[in-house]
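Peer 1: Sharing a structure here in structure tokens format.
The values are calculated or read from the model by the stated rules, or taken from the named source; none is laboratory data. Just so it is clear, the structure is predicted and the values come from calculations on it, not from any experiment. All Cβ positions, glycine included, derive from the backbone under ideal geometry; neighbour counts span all protein chains shown. The area values use the complete protein model at the heavy-atom level, side chains included, leaving out ligands, DNA and RNA. Shrake-Rupley method; radii C 1.70, N 1.55, O 1.52, S 1.80 Å.
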Amino acid sequence: MTNFKFTEENLKKIDEIIKKYPVKRPAVMPVLYIAQEQNGWISQEVMLEVAKILDMHPEEVLGIVTFYTMYYQKPMGKYHIQVCTNVSCMLRGAYEIYDRVKDKLGIGNMQVTGDKIFSLEEVECMGSCGTAPMIAVNEDYYENLSKEKVEEILESLKKS
Amino acid sequence: MEKIVLPDIKDLHLIDVYIKNNGFNAVKKALLQKPDDIIDQVKRSGLRGRGGAAFSTGLKWSFMPKTTDKPKYLCVNGDESEPGSFKDRQIFEYNPHQLIEGILITCYAIGAKTAYVYIRGEYHKWIKLFQKALDDAYSQGYVGKGMKTKFQTDFFCDIYVHKGAGAYICGEESSLMNSLEGKRGYPRVKPPFPAQFGLWGCPTTINNVETITNVPAIINNGWEWFSKIGEPKHPGTILYGISGHVNKPGVYELPSGMLLTDLIYNYAGGVPGNKKILCVIPGGSSMPPLRGDKIEGVKMDAESLKAVGTSIGTGGIIVMDEDTDLVKVLARIAKFYYHESCGQCTPCREGTGWMLKILNRILNNEGSSKDLDLLISVASNIEGNTICALGEAAAWPVKFMVQRFRDYFEKRVSPEVLIPVANKVHSMRHTAFPIADIKE
Ligand SMILES: Cc1cc2nc3c(=O)[nH]c(=O)nc-3n(C[C@H](O)[C@H](O)[C@H](O)COP(=O)(O)O)c2cc1C
Ligand code: SF4
Ligand code: FES
């Protein structure tokens, strides 16, 4: 097992975060985000290190990681494509978009392409119902989409 | 009509523009009055929560204990994950300082020194926008210790942003508090209510983003002014979010009590292709759906919607035209609640899965007429038997959709009971195979 260590810079960030709360534990969610940014995903080693820093039991950290869908328990693609298929998006063609992305990338839900460039996730409502259908790529929203537009987005990401 | 929450002022998200437009004058005014007087004004204004339950905001604040040796907290609910809701993000983007000012006034009124704004994790962009506004307000002394010199008072409070990580249930107030404490987002049994036992066991008030953003306007213009806007029993404006089959989906800030048809046809531009409306969900996906032929004359406010058997919820209106496959819609809604149930209560954990299974069966043309009553039975057994209201949120769409569109659903099932595989039962006597055939 290779150890996971936070960078000096991230340790400073963590110190700042802990100050926002009367006790240490609430920092676990933001700290996991920092870890995920540094490591790409939340591995066993990450959880052990987070637990150590925040005086938590590693299983408590595991409990958090498994409860919240935005912590990844395996490496995802460089571009994580999230397609909302909830009601408002569905009414405006979200499943056609989801199927197009699946076909284009040749992967299913929560899978990663062989070249590790893309991963795919079918997500619940993202709060873009008024600009549906939508996808998110990593942290960015793309709204008011059509199948063609989604294909263009995937093409341009592939080139970049 | 004057807009309160999202006024049409260019660049209002910038602190200088906000200040030029009467910004931070309400908190100045509030700090010269007694906290109880602020609570009284908000109570009289008739402001009701915009997060779903439409509870009186002033009344909620008055539940906070006056004498306590514990710190008090304010939680601002920006989890906004109810399908069909996309209004709070507009506030983070276009009017964040009014939200900040509302938080300051609320903290002063309830005696809190710390406020946490819980924003859903997917809203990376809006978290950054709000954080930027907050940083600006801090650096100009409107938030934090700087308030002492800025406003010449003893009162100050801090505001922190807490980022969620993808769990609808964390919008439920007690789940949100557990999440903020760094735990799994499990709702708590109530009572005790947050005002007695909230964050870290301390007295806590929790309000929706839109609710809090209304507060500065009430202080500036007086409770009487506010109470006269829209429907008297649920006054003020509402950020109506309209989505689905309409020509101009989006958020429209208008007085409460607007006609549903007016919103759909005049503001949201009607239904594409002039199709008829089959179904409307008036307040986010967990609210009981209405038949399209029953929306004439229906007004959008808590009391009017209650009278027609549904609820205002988050004001997120989802419109479905006559060609919509309602079984597919309901199965998708059921899938959502199945995915989001936290799993603490058996009726919710198991029932959401059963409802989804039955609906998928109907969707695959394998449903029987018995399945419709079964759906209603499962939904009714979830309702009222759970720790939190996600139980109702999951049960209502199923129960009321099947009841109100019975004719529609009857056409999708056959009277025969098809059992493609033997039901799995645990007792040997009930297996479909001779006992001798079952070998270890
Ligand atoms: C399952 C569930 C999800 C909820 N999600 C939200 C939400 O995303 N945002 C919100 O403001 N309130 C949400 N609520 C309502 C909150 O529990 C709470 O009533 C509300 O934040 C109180 O604020 P208000 O009085 O200003 O409306 C949810 C409730 C339930 C049962
Ligand atoms: S009703 Fe559902 S979401 Fe709410 S506490 Fe029970 S299992 Fe969890
Ligand atoms: S339903 Fe897709 S963003 Fe809301």
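Peer 1: Run the dipole for chain A about the Cα centre, Lys and Arg Cβ at +1, Asp and Glu Cβ at -1, nothing else charged, and hand back the magnitude in debye, nearest 20.
Peer 2: 160
Peer 1: Could you report the protein assembly as shown's accessible area per residue, 1.4 Å probe, as an integer in Å²? Present the calculation step by step, with values, prior to reporting the outcome.
Peer 2: Values: 25590 Å² over 600 residues.
Per residue, the protein assembly as shown has an accessible area of 43 Å².
Peer 1: Let me ask something else about it. Per residue of B:71-81, count partner chain C-beta atoms within 10 Å of its C-beta, then hand back the mean as an integer. Mind dumping the intermediate values first?
Peer 2: Numbers: counts 1, 0, 1, 0, 0, 0, 0, 0, 1, 3, 5.
Mean shielding by partner chains, rounded to a whole number: 1.
Peer 1: Can you give the average number of partner chain beta-carbon atoms within 10 Å of each beta-carbon in peptide B:119-129, as a whole number?
Peer 2: If you average over the peptide's residues, the count of other-chain Cβ atoms is 4.
Peer 1: OK, next. For the pairs B:K183/B:K335; B:K3/B:K34; A:K13/A:K78; B:K28/B:K145; B:K228/B:K294; B:K29/B:K113, flag any whose C-alpha to C-alpha distance is greater than 20 Å.
Peer 2: Beyond 20 Å: B:K183/B:K335; B:K3/B:K34; A:K13/A:K78; B:K228/B:K294.
Peer 1: For B:Q196 and B:S139 in the same chain, what is the full-extension length gain: residue separation times 0.36 nm, less their Cα-Cα distance, in nm? Walk me through the numbers on the way to the answer.
Peer 2: Values: separation 57, 0.36 × 57 = 20.52 nm, distance 3.36 nm.
Once the chain is fully extended between B:Q196 and B:S139, it gains 17.2 nm.
Peer 1: Suppose we take every Cα in chain A and form the convex hull; what volume per residue is that in Å³?
Peer 2: Roughly 134 Å³ of hull volume per residue.
Peer 1: Still on this model: When we measure straight from the Cα of A:K19, which aspartates and glutamates land under 14 angstrom away, once same-chain ones fewer than 8 places off are left out?
Peer 2: List returned: B:D158, B:E181.
Peer 1: Could I ask something else about it? So what's Rg/Rh here for the range B:234-321, counting alpha carbon atoms and using the Kirkwood radius for Rh?
Peer 2: On the Cα set of the range B:234-321, Rg over Rh gives 0.92.
Peer 1: Give the relative contact order (percent, whole number) for the range B:234-321; include only Cα pairs under 8 Å separated by 6+ residues.
Peer 2: Values: 192 pairs, mean separation 30.9, N = 88.
RCO, the range B:234-321: 35 percent.
Peer 1: Relative to the first principal axis of the alpha-carbon coordinates of chain B, what is the inclination of helix B:369-382, with its axis defined by its Cα atoms, in degrees from 0 to 90 and to the nearest 10?
Peer 2: With both axes taken from Cα atoms, the answer is about 40 degrees.
Peer 1: For chain B, what proportion of DSSP beta bridges, expressed in % and rounded to the nearest 5, is antiparallel?
Peer 2: Expressed as a percentage, antiparallel bridges in chain B total about 40.
Peer 1: Ok, one more. Quick one: Kirkwood hydrodynamic radius for the range A:79-159, alpha-carbon pairs, angstrom, one decimal? Numbers along the way, then the final one.
Peer 2: Details: mean 1/r = 0.0818 Å⁻¹.
Answer for the range A:79-159: a Kirkwood hydrodynamic radius of 12.2 Å.
Peer 1: Let me ask you something else. Grab the DSSP H runs of the protein assembly as shown that are 4 residues or longer, score each as -39,500 (n - 2.57), total them, divide by all residues and round the 222 nm result to the nearest 500 deg cm²/dmol. Before the final figure, lay out each step's value.
Peer 2: Details: 24 runs with 245 residues, N = 600.
The helix contribution divided over the protein assembly as shown gives -12000 deg cm²/dmol.
Peer 1: In the range A:24-128, which trypsin sites (Lys or Arg not before Pro) fall in coil by DSSP and have 13 or fewer other Cβ atoms within 10 Å?
Peer 2: Passing both the DSSP loop test and the Cβ count: A:K116.
Peer 1: List the pair-distance distribution P(r) of chain B, using every Cα-Cα distance, as the percent of pairs falling in each 10 Å bin from 0 up to the bin containing the longest distance, rounded to whole percents.
Peer 2: 4, 20, 29, 24, 13, 6, 3, 1, 0
Peer 1: How would you order B:225-237, B:19-31 from highest to lowest mean count of nearby Cβ atoms within 10 Å?
Peer 2: B:225-237, B:19-31
Peer 1: Okay, next question. What percent do you get for the relative contact order of chain A when only Cα pairs under 8 Å and 6+ apart count? Don't jump to the answer; show the numbers that get you there.
Peer 2: Numbers: 216 pairs, mean separation 29.0, N = 160.
Dividing the mean separation by the residue count of chain A yields 18 percent.
Peer 1: Also: With +1 on each Lys and Arg Cβ and -1 on each Asp and Glu Cβ, how big is the dipole of the protein assembly as shown about its Cα centre, in debye rounded to the nearest 20?
Peer 2: Details: 72 positive and 71 negative charges, 176 e Å.
So the dipole magnitude of the protein assembly as shown works out to roughly 840 debye.
Peer 1: Within the set B:K60/B:K248; B:K70/B:K125; B:K125/B:K248, which residue pairs have Cα atoms separated by over 27 Å?
Peer 2: Details: B:K60/B:K248 36 Å; B:K70/B:K125 35 Å; B:K125/B:K248 24 Å.
Beyond 27 Å: B:K60/B:K248; B:K70/B:K125.
Peer 1: Greater than 29 Å separation of Cα atoms is the criterion. Which listed pairs, A:K74/A:K102; B:K66/B:K87; B:K163/B:K190, meet it? Numbers along the way, then the final one.
Peer 2: Numbers: A:K74/A:K102 19 Å; B:K66/B:K87 33 Å; B:K163/B:K190 25 Å.
Beyond 29 Å: B:K66/B:K87.
Peer 1: With equal scatterers on the alpha carbons only and no solvent term, can you work out the Debye log10 of I(q)/I(0) for the protein assembly as shown at 0.06, 0.07 1/Å?
Peer 2: Per q value, in the given order, log10 I(q)/I(0) is -0.32, -0.44.
Peer 1: Could you grab the relative contact order for the range B:149-253? Cα pairs under 8 Å, six or more apart, rounded to a whole percent. Could the numbers behind the result be given before it?
Peer 2: Details: 88 pairs, mean separation 11.2, N = 105.
Averaging sequence separation for qualifying contacts and normalising by length gives 11 percent for the range B:149-253.
Peer 1: Does the range B:89-239 come out rounded, prolate or oblate, given a ≥ b ≥ c as the square roots of the eigenvalues of its C-alpha gyration tensor, rounded meaning a/c under 1.5 and, failing that, prolate meaning a/b above b/c?
Peer 2: Working: a/c = 1.36, a/b = 1.18, b/c = 1.15.
Note, shape of the range B:89-239 comes out rounded.
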